[in-house]
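The values are calculated or read from the model by the stated rules, or taken from the named source; none is laboratory data. Remember, predicted model here, so these are calculated numbers, not experimental data. Using ideal geometry, Cβ is built from the backbone for each residue, glycine included, and neighbour counts are taken over all protein chains shown.
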Amino acid sequence: MTQLVAVLFSGGVDSALAAHLLREQGWEVLAVHLRLTDPGEAARRAAPLAAALGLPLVEVDLRREFAHAVVEDFIRSYARGLTPNPCVRCNALIKFGVLWERVKAMGATHLATGHYVRRLPAPEGGFGLWRGVDRAKDQSYFLQRLPRELLPVVLFPLGELTKAEVRRRFRELALPVEVPPESQEVCFIPREGYGEFLRQAGVRASPGEIVDRRGRFLGRHAGLVAYTVGQRRGLGVAAREPLYVLELHPETNRLVVGPREELFVPGLRAGGAHWLLELPGEFEATAVIRYRHPGVPARIHREGEGALTVHFAVPQAAVAPGQGVAFYDGDRLLGGAWIEAALHRA
């Protein structure tokens, strides 16, 4: 019996080719356009692209669920001085959470996306996730919180391809539609940027003190929401050497800055850990502290209730509370956690 795979269909090249490849493999394919915000260019492209591919298309409206689980969390996090990653939350809670439940009710047996990641048989049985072959496009970091129970039913047709191969194969289809551009990084942030979005959301930008690690007053900031850990530009502080944002303290409304060498820390504390396989209480892995971070060998100590401490083999710069830290064994994704604080040298 033919199994039905629901393919997350954005109206872009990646999802279109993913759907095409699955149909070539013999799957019955249902293109699913996920509506998370008010209709935009992607929504207008989805219908003619699906029609050109000869695929049935349905729209699933999850604006309310997305606003509650992702957008509101993003706003609250920034107000607390954190640097959130909404794409990690969206994948876990919306795309591979609420959406999966919706498409199952439509008869889907599997869910596929255009992520550059590989799902492969695991040595211990079952399935696991590995980095995509194209390391420049690998998106496994964003799937660090994928529900483990979905591993048998998720499909990633682009994991073995490079972006160049995907674009070439899409062009070879010679579809009577315009080749769409790359999608923007965060779908709900307007062109005006984070600051304007947060202002419209009612996040107050209260001026406060800029200080160094010893608490010495250096100047004043315009509001913590305008800064992230590791930021250099726009501090407005005169100094003999470049200064960087080290920490944000919303409880005192203070911005802590310092020279580049003070950005480097020996580790971090994290919470809300999520694992894609069974792991011991202490193990070694590669820690990736943000998307595009090259990773660093680390020792991980699990402390119960999802808490853990990570000790880097080499100090790392710009550890930002609120970001996700992903863990790898070689190219295999082990899971991830939410960064809560950087560890400091004794």
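Working only within region 202-225, note down all residues that are surrounded by fewer than 17 Cβ atoms within 10 Å (Cβ to Cβ), modelled with pLDDT of 85 or more and more than 21 Å from Ala341 (Cβ to Cβ).
Ser206, Pro207, Arg216, Phe217, Gly219, Arg220, Ala222
In region 93-112, is there at least one residue being in a strand (DSSP E or B) and more than 21 Å from the chain's Cα centre (by Cα)?
Yes, because at least one residue in region 93-112 is in a strand (DSSP E or B) and more than 21 Å from the chain's Cα centre (by Cα).
Quick one: in region 304-334, of everything that is among the charged types (D, E, K, R) and at pLDDT 95 or above, which residue is nearest to Lys137 (Cα to Cα)?
Restricting to residues being among the charged types (D, E, K, R) and at pLDDT 95 or above, the top hit is Asp331.
Taking interchain pairs and intrachain pairs at least six residues apart, which have beta carbon atoms under 7 angstrom, with the first residue in region 1-30 and part of a helix (DSSP H, G or I) and the second basic (Lys, Arg)?
Partner pairs satisfying both residue conditions: Val13/Arg167; Leu17/Arg169.
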